[in-house]
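Engineer: Sharing a structure with you now.
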């Protein structure tokens, strides 16, 4: 199907417009040429009758009547048949007129008086009105017989024959050109689709790369499209190299800063209760926290530049559930998992593990005996809508008040609502920031089993 505002539609419409213009122009030219051919054939027929009349008029009187009635054509005998002849003597004070019986009491006009120009042989021809408003094709010629007189000889035929012949030709021409136009348009449609097929392949390949099903454009492309495919593959490779360099730089920077900060903290810790040492430890902790925060954001941003990474959600959730059960086995926490096989996260596996792992670990710390994980894909199978995967983690612990949930969702790094629980307080903050980088979100609410419900919404395929 050709879509609006597409290159295929533009090519098809332009080809259609030119096809219609060419066929219409050709039809007009052919119809005009056929009209001229029919008129010439009709004029030749009239000229035969005209020459016969001229021969009869020029014949000596002893050979018989100068004015035969039929000229071998019965239509000249039928009244108002549309076929007429008329001979007018011009060299007498009162012109003498003789005509065919078909003309009855009517007469034919003089073409010279109507302003019709004479041809090279001295004859004139034109369309004229006849008796009973008939449209006639008339040919006339003046002959000078010297002492025997000067005559205007005219023959006219029914122009309806010309019109009917031309009408039949035009109808046949319209049907033929109509069928030809349909065939040409279907051919044009096929050519457009066939010619643009490589572009469609590139579009599908790019969609496959974006969805993680392919890593580069593969296949042979026409010469005009091949440079585009090569440059696209080069761009993808360059993007991967940039991401790898960024990851390497982030790792190097983390190691370069971690050691000096650890030395500063250890030296300050060795000073005991010295107020100066305590202040150094405090500020060093703040520096370490800020460095970790910005390095983490840089690391996450670099990972998100990678195009087309897709992760199956089910295996990741199941693996995390088993791991958390082992970590919290001393508390006998039961973790229930419900995840459809078709759920796929549009991102990297380690990021999904980090986000869900923090949520499940937090739920296990606060749960009394039970944690549930539920994965849903609400927009699956709905074309045109953004595909998302929702991962809900619930526990049967004490939960959070609305004010506490708002504090957590503000992503204040290091915030701990209860100092009695182990951890640094960075987990939910990391989840919020990482989900935001993917265009997702984390929402907190009340769980159906009594504790906290953390619902993570992420892009899906």
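Engineer: So if the hydrodynamic radius of region 72-140 is defined as the Kirkwood radius over C-alpha pairs, what does Stokes-Einstein give as its diffusion coefficient at 25 °C and 0.890 mPa s, in µm² per second?
Structural biologist: The calculation lands on 189 µm²/s.
Engineer: How compact is region 1-207 by the rule of thumb for globular proteins, expressed as Cα Rg over 2.2 N^0.38 Å?
Structural biologist: Normalised Rg, Cα atoms only: 1.70.
Engineer: Per Stokes-Einstein, at 4 °C and 1.567 mPa s, what whole-number D in µm² s⁻¹ belongs to region 311-459, with the Kirkwood radius over Cα pairs as the hydrodynamic radius?
Structural biologist: 84
Engineer: Further question on the same structure: Sorted from fewest to most neighbouring beta carbons within 10 Å, what does the list 200, 94, 258 look like?
Structural biologist: Fewest to most other Cβ atoms nearby, the residues stand as 94, 200, 258.
Engineer: Only bridges whose two residues both fall in the chain count here: according to DSSP, what percent of them are antiparallel, nearest 5?
Structural biologist: Of those bridges, close to 90 percent are antiparallel.
Engineer: Relative to the longest principal axis of the chain, what angle (0 to 90°, nearest 10) does the C-alpha long axis of helix 349-366 take?
Structural biologist: Roughly 50 degrees, rounded to the nearest 10.
Engineer: Next question, about the same structure. Using only DSSP helix segments of four residues or longer, with each worth -39500 (n - 2.57), what per-residue ellipticity at 222 nm results for the chain after dividing by its residue count and rounding to 500?
Structural biologist: -18000 deg cm²/dmol
Engineer: While we're on this one: Order these by the 10 Å Cβ neighbour count, fewest first: 85, 18.
Structural biologist: The fewest-first ordering by Cβ neighbours comes to 18, 85.
Engineer: Here is a follow-up. How far is helix 160-211 tilted, in degrees, relative to the longest principal axis of the Cα atoms in the chain, given as a value from 0 to 90 rounded to the nearest 10?
Structural biologist: 10
Engineer: Now for a different question. Which values, in whole Å and largest first, are the semi-axes of the equivalent ellipsoid of region 118-255 obtained as the square root of 5 times each eigenvalue of the Cα gyration tensor?
Structural biologist: They are 85, 18, 11 Å, listed largest first.
Engineer: In whole Å, what is the distance between the alpha-carbon centres of region 321-382 and region 106-127?
Structural biologist: 103
Engineer: log10 I(q)/I(0), Debye, Cα-only the chain, no solvent, q = 0.08, 0.11 Å⁻¹?
Structural biologist: Treating every Cα as an identical point scatterer, log10 I(q)/I(0) equals -0.71, -1.01.
Engineer: Shifting gears a bit: Residue 276 versus residue 332, label points 7 Å from Cα toward the beta carbon: distance in nm?
Structural biologist: 5.6
Engineer: Using every alpha carbon pair in region 319-372, what percent of pairs falls into each 10 Å bin from 0 up to the bin containing the largest distance?
Structural biologist: Binned Cα distances yield the sequence 22, 52, 23, 2.
Engineer: Once both axes come from the Cα atoms, what is the angle between helix 7-58 and the longest principal axis of the chain, in degrees from 0 to 90, rounded to 10?
Structural biologist: Its long axis makes an angle of about 0 degrees.
FYI, it's all coordinate maths here, none of it is from the lab. Nothing here was measured: the structure is a model prediction, and the numbers come from that model. Here Cβ is always computed from backbone atoms with ideal geometry, including for glycine, and neighbour counts include all displayed protein chains.
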